[in-house]
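Report on the following structure.
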Amino acid sequence: MKKSRKTLMNVLSLSVLLSLSSTSFAELVMNSSGNADQASSGWSADDASQLLNDDSMDSGEISPQGSTTLSTSIRPSGTVAANTAPKTVHILDTSGYSSQPAVSARAALVMDAKTGEVLYSKNTNMALPIASITKLMTAVVTADARLNMSEDITLQQIDFAGAGGKNSSSTLKAGDTMNRAEMLLVALMKSENPAAAALARTYPGGRPAFVAAMNAKARQLGMSSTHYYESTGLDPRNVASARDLGILVSAASQYGLIRQFSTTAHYDFNLGYRVLKSNNTNAMVRNGGWNINISKTGYINEAGRCVVMHTTVNSRPAVVVLLGASSSQARTNDATNLLNWVSNLPKRI
């Protein structure tokens, strides 16, 4: 434990110098420790705060052909530059390069994260329920607020009330206390609904202000089909298109904290009276084999099985969005088929 924590802090102390590198903080930590699980066990709120303050300051420009340039450079305040998101996304015809993969999900998108070109599309402009993909925006709003990551948050019964008429099943209990960094980690990696609800409840101005900030951020990024009603994703009225989620993943990929937390494979949360052993909800993160920089899964009946990922495939940064898969296995199969297909595309189209 002490060794992994020392290694992590050594890595974080170099974060300012490394902020201009394209390597994610998750990769840096894992490469330094040699073990992702060991690295994650050393996280503290101070580590999270330092990572939050040292987020990449370089510009990730997405320039779809025939559309407005998307510049998602992170400013010192942690906000994304306003009025820079594209109102349209160019659909690139890749049929001449490789046969299109079979995708069973209701909607799908694969986008070159560097150029903004959409390499694969299926119903990309259709607004659909997004379930816990919602929590990616919850993380962005939390990170933008620059709140005290060391502040302890105690879960209240209202955090388990659910939303949209749905109860919130959880391995957490009312009275459990974590700091804000741990709440964000368990919300992203394990998709705990009470944690996401508590993050909104403890936001300045409470839940109404938090949801307003979520929708304001969506408008700022140009997510024209998106609307949020709450922070967990249990409410089926939380909707977005695959195109919109591609934009969100691209923006979220510039937050080192979100990259690290969403791709943590395993973590043991010490709640004082018990230890909560937790695994990432994405099997592709748990099992390894792909270079995944951001991950978030989601499921409610109305949404089906969903996933968004920022990956690097054959030296190409790519965003993958899948909405409305029929099962977890179908979702994984679709994602694997798409990533294998991308790996066989020409390096530069």
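Numerical summary
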read-out: Packing-based exposure ordering (other Cβ within 10 Å, fewest first) of Ile300, Ile130; value: Ile300, Ile130
read-out: Packing-based order for 265-277, 187-199, 113-125, 229-241, using average beta carbon neighbours within 10 Å, highest first; value: 187-199, 229-241, 113-125, 265-277
read-out: Hydrodynamic radius of region 253-349 per Kirkwood, over alpha carbon pairs, in Å; value: 14.6
read-out: Efficiency of FRET between Arg146 and His227 - r from beta-carbon atoms, R0 22 angstrom, step 0.05; value: 0.30
read-out: Farthest positive-ward along region 156-251 dipole, Cα basis, beta-carbon charges - from Val186, Tyr228, Thr202; value: Tyr228
read-out: Tensor-based shape of region 162-212 (alpha-carbon gyration tensor, a/c under 1.5 rounded, otherwise prolate or oblate); value: oblate
read-out: Estimated distance in nm for a label pair at Ala161 and Thr177, the labels positioned 7 Å out from Cα along Cα-to-Cβ; value: 2.4
read-out: Length-normalised contact order of region 180-244 in % [C-alpha pairs under 8 Å, at least 6 apart]; value: 24
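Where a number appears in this text, it was derived from the coordinates with a stated rule and is not lab data. Just so it is clear, the model here is predicted, and its values are computed rather than measured. Cβ coordinates were reconstructed from backbone atoms using ideal geometry, including for glycine residues, and neighbour counts include every protein chain displayed.
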